[in-house]
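Novice: Could you have a look at this structure, given as structure tokens, before my questions?
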Amino acid sequence: MPAEARAIYWFRTDLRITDSPALTKCLAIPNLKSVNFAWCWDPNYIYGHRVGLNRFSFLLESMQSLSDELTKVNKSQKLQVVRGPPEKVLPIMWESWGITHLVFEKDANEYAKVRDARIKKLAEEKGVEVIEVHGRHLYDPEQVVKVNGNKPTMTLHQWQGVAQKIGKIPRPSETPKKLPDPNSTDLKHSKKDEKYKWPGEDLNAEIRTGKDTCYDRMSGPKGDYSVPTMTEMGFSDATTTIKGGTVEGHKRLDTFLGNPEDVATFSKPHTAPTSLEPSTTLLSPYIKFGCIGIRELWWGCKDVIEEWSKTGKGKKTSEPENMFGQLEFRDMYAAAETAQENFQQIRGNAVCRYIDWALQNQYNDKGDLILPRPRDDDEEAEERFAAWREGRTGFPWIDACMRQLKHEGWIHHLARHSVACFLTRGQCYISWERGMEVFDEWLIDWDPASNPGNWMWLSCSAFFAQYYRVYGLVSWPAKTDKHGELVRKYCPELKDFPDKYIYSPHLAPESVQKSSNCIIGKDYPFPILDEHVEKDRCIARLKDAYAVGLHGDAKEVLEGTAKQMLEDKHAETGAGEVKSDKEKKDLKAAEKRKRSGDGNIEDWTTKKQGKKGLGPVEKRDG
DNA sequence: GTTAGAGTTGGGCCT
DNA sequence: CAGGCCCAACTCTAA
């Protein structure tokens with residue numbers, strides 16, 4: 001062991017000093033003389049990956065807030081942001097500061113695992129000791145997978161079984177009351193402080209309104225390694241009202257925990273996706289960037305509910321609908337993602353069903369994803385996708401959600417369900433990969449495991465299979481808000497419509513459109529498709545896809561013959577055909593006759609009687 | 001090997 | 001009007 005230890009604490013995703021097992025471990029290094037808190041501003045994130053202004057802005061605010069917290073504990077400390085890929089800039093830091101230890105929080109997702117493996121190898125070569133500590137999830141996803149027989153966790157039940165075997169979730173780590181000084185905040189970089197040149201195409205070029213000076217020097221435009229600003233990256237201000245930072249996150253957490261009844265009776269499925277003020281906690285962005293610790297939230301809820309239960313005021317909710325269930329799902333997805341390669345795409349993803357969606361990812365001969373995705377030959381699908389993305393489908397509920405998503409960087413969980421179902425298995429029959437990409441661009445809280453996981457769930461590609469349950473575009477939002485407040489806010493052109501037509505303005509008579517100051521087809525689009533015709537087609541096609549039963553790792557998918565296979569199947573079953581309303585009516589009537597026909601007696605004995613012990617009952621009239 | 005019952009959060013109708 | 005029931009029929013798991 002060296003006489004003096006000098007550490008770098010490498011911040012990556014989690015931006016806080018509370019509830020950090022890795023930081024605790026770092027500060028416990030024997031003979032620790034200095035710690036430098038570093039962030040490597042990875043060019044891949046700002047050039048190689050489409051990220052909306054809202055997430056950039058939230059991230060920068062969170063970095064600044066973290067830096068301020070470090071300074072509060074030790075005046076000579078701050079977050080040192082070095083512009084460049086970690087594998088380039090970390091070795092420069094090791095050399096400059098005589099570093100003996102590199103400490104960071106473990107990150108189990110595929111991108112981070114590959115990056116961290118490279119860093120660990122470099123560190124080993126230089127004799128720098130690496131300390132990697134799990135802390136981002138309730139349980140270490142890799143450990144969960146191991147206990148689960150090296151298989152991805154595909155049901156919550158399965159995950160819970162594993163969790164029980166592993167043991168209790170630890171209490172939050174203590175927040176450090178003091179921190180050692182940094183070695184120095186300067187780097188010996190005279191030769192190396194050059195402009196970093198991104199080799200590929202800048203995928204964020206179209207949202208840049210000013211000059212990008214962020215990478216002019218490794219030390220940043222001011223030469224002091226300070227947190228980048230939106231202006232330095234050539235970005236205009238974000239539109240979101242959600243402010244980042246560990247301080248802001250803890251404020252929100254305290255507010256939530258301050259209402260014990262809300263915590264104890266939290267029930268996700270019963271919160272309204274239509275409400276103007278978020279009906280949920282809005283903690284997800286703060287969890288995504290680690291502004292608050294996951295154990296702070298878990299134990300905060302546990303303690304508050306325990307106290308509340310003593311008052312005997314009412315019944316509390318249980319898993320999976322309560323807050324614990326929500327956090328468990330996050331862990332379940334993390335464990336699934338870490339075990340399953342290609343989790344963010346269909347191709348090569350063994351847990352994902354192959355469905356012949358339009359606008360799937362495109363790959364070159366070597367099997368590499370082509371980015372940015374070239375325009376598809378399927379013009380109708382491209383047009384539907386563009387309309388969905390830009391909030392101009394002609395379905396006010398979908399459009400309002402998509403506009404809110406772009407503007408705020410957040411929409412309610414059930415609103416995400418609704419727009420995801422519409423884009424994929426509900427109506428548009430477009431690949432979930434496209435939807436996932438848009439969420440990645442616009443959601444502040446986008447997570448590399450939960451997001452693809454939920455897209456597979458909603459598209460019935462994995463985790464969920466009841467594809468005949470489709471969210472209504474008119475009836476469903478009306479259940480929680482008949483007045484359509486969210487639509488009136490985000491689609492202001494519709495604000496004068498009467499409640500009756502707020503989710504289906506195209507059905508309003510011309511006179512109503514005139515008096516509502518909005519002509520459908522002129523001031524607001526006519527629906528891009530027929531909700532019910534497309535729904536029936538989608539269900540029929542999903543049924544075919546399930547019958548064929550291919551998954552992303554199938555030979556046919558890798559060789560590119562799978563799509564034709566399913567098209568042949570559709571031709572066989574007639575799933576691609578559009579049925580007129582009359583045909584549907586006739587079919588339904590025929591079905592009904594079949595059901596209420598001669599088989600009636602058997603029906604009663606097996607179904608009704610067996611279940612309830614009741615015979616047929618005369619229908620009450622009136 | 002078979003099968004009933006459950007599965008984070010659907011729609012429609014009835015009470 | 002919130003809550004229960006049925007619809008038609010998916011997969012996974014525990015018995």
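The values are calculated or read from the model by the stated rules, or taken from the named source; none is laboratory data. Keep in mind that this is a model prediction, so the values were computed, not measured. Cβ: placed from backbone, ideal geometry, glycine included. Neighbour counts: every protein chain shown. These area figures cover heavy atoms from the full protein model, side chains too; ligands, DNA and RNA do not enter into them. Shrake-Rupley method; radii C 1.70, N 1.55, O 1.52, S 1.80 Å.
Novice: Which helices (runs of 4 or more DSSP H) sit wholly inside region A:431-527 and have at least 3 residues that are within 24 Å of A:His417 (Cα to Cα)?
Specialist: Correct list: A:432-442, A:450-458, A:475-480, A:485-490.
Novice: A:Thr480 versus (1) in contact (Cβ under 8 Å) with a residue 40 or more places away in the chain; (2) open to solvent by less than 60 Å² (accessible area, probe 1.4 Å): which is the lone unmet condition?
Specialist: (2)
For every residue, the table says whether it meets (1) in contact with a strand residue (DSSP E or B) (Cβ under 6 Å, 6 or more places away or on another chain); (2) at pLDDT below 95; (3) aliphatic (A, V, I, L, M).
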{"position": "A:Asp140", "(1), (2), (3)": "no, no, no"}
{"position": "A:Gln143", "(1), (2), (3)": "no, no, no"}
{"position": "A:Thr153", "(1), (2), (3)": "no, no, no"}
{"position": "A:Asn183", "(1), (2), (3)": "yes, yes, no"}
{"position": "A:Ser190", "(1), (2), (3)": "no, yes, no"}
{"position": "A:Lys197", "(1), (2), (3)": "no, yes, no"}
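Novice: Looking at (1) under 17 Å from A:Ala22 (Cα atoms); (2) open to solvent by 30 Å² or more (accessible area, probe 1.4 Å); (3) assigned to a loop (DSSP other than H, G, I, E, B), which is the one condition that is false for A:Lys120?
Specialist: Among (1) under 17 Å from A:Ala22 (Cα atoms); (2) open to solvent by 30 Å² or more (accessible area, probe 1.4 Å); (3) assigned to a loop (DSSP other than H, G, I, E, B), the lone unmet condition for A:Lys120 is (3).
Novice: Another question, then. Can you give me the number of residues within region A:324-349 that are away from DNA strand B (no atom under 12 Å from the Cβ) and either assigned to a loop (DSSP other than H, G, I, E, B) or of a type in the set (S, T, N, Q) (or both)?
Specialist: Qualifying residue count for the region: 11.
Novice: Another question, if that's okay. Test each condition in (1) open to solvent by 20 Å² or more (accessible area, probe 1.4 Å); (2) in contact with a Lys or Arg (Cβ under 9 Å, 6 or more places away or on another chain) for A:Lys243 and report the one that comes out false.
Specialist: A:Lys243 satisfies all of (1) open to solvent by 20 Å² or more (accessible area, probe 1.4 Å); (2) in contact with a Lys or Arg (Cβ under 9 Å, 6 or more places away or on another chain) except (2).
Novice: OK, next. Conditions: (1) surrounded by fewer than 24 Cβ atoms within 10 Å (Cβ to Cβ); (2) closer than 20 Å to A:Met63 by Cβ; (3) β-branched (Val, Ile, Thr). A:Ile8 meets all but one. Number of the miss?
Specialist: (1)
Novice: Quick check on this structure: which one of A:Leu276, A:Leu282 is in contact with a helix residue (DSSP H, G or I) (Cβ under 7 Å, 6 or more places away or on another chain), part of a loop (DSSP other than H, G, I, E, B) and at positive phi?
Specialist: Step by step, each of A:Leu276, A:Leu282 is checked, and only A:Leu282 is in contact with a helix residue (DSSP H, G or I) (Cβ under 7 Å, 6 or more places away or on another chain), part of a loop (DSSP other than H, G, I, E, B) and at positive phi.
Novice: Which numbered condition in (1) modelled with pLDDT under 95; (2) closer than 20 Å to A:Pro269 by Cβ is the only one that A:His532 fails?
Specialist: (2)
Novice: Take the residues of region A:526-538 that are in contact (Cβ under 8 Å) with a residue 12 or more places away in the chain and open to solvent by 40 Å² or more (accessible area, probe 1.4 Å): which is farthest from DNA strand C (Cβ to nearest atom)?
Specialist: Per the criteria, the residue is A:Phe526.
Novice: Continuing with the same structure: Working carefully through the options A:Asp447, A:Asp440, A:Asp399, find the one that is of a type in the set (Asp, Glu) and open to solvent by less than 10 Å² (accessible area, probe 1.4 Å).
Specialist: Answer to the check: A:Asp399.
Novice: Moving on. Tell me yes or no: at least one residue of region A:20-28 is open to solvent by less than 10 Å² (accessible area, probe 1.4 Å) and of a type in the set (D, E, K, R).
Specialist: No, there is no match, as no residue in region A:20-28 is open to solvent by less than 10 Å² (accessible area, probe 1.4 Å) and of a type in the set (D, E, K, R).
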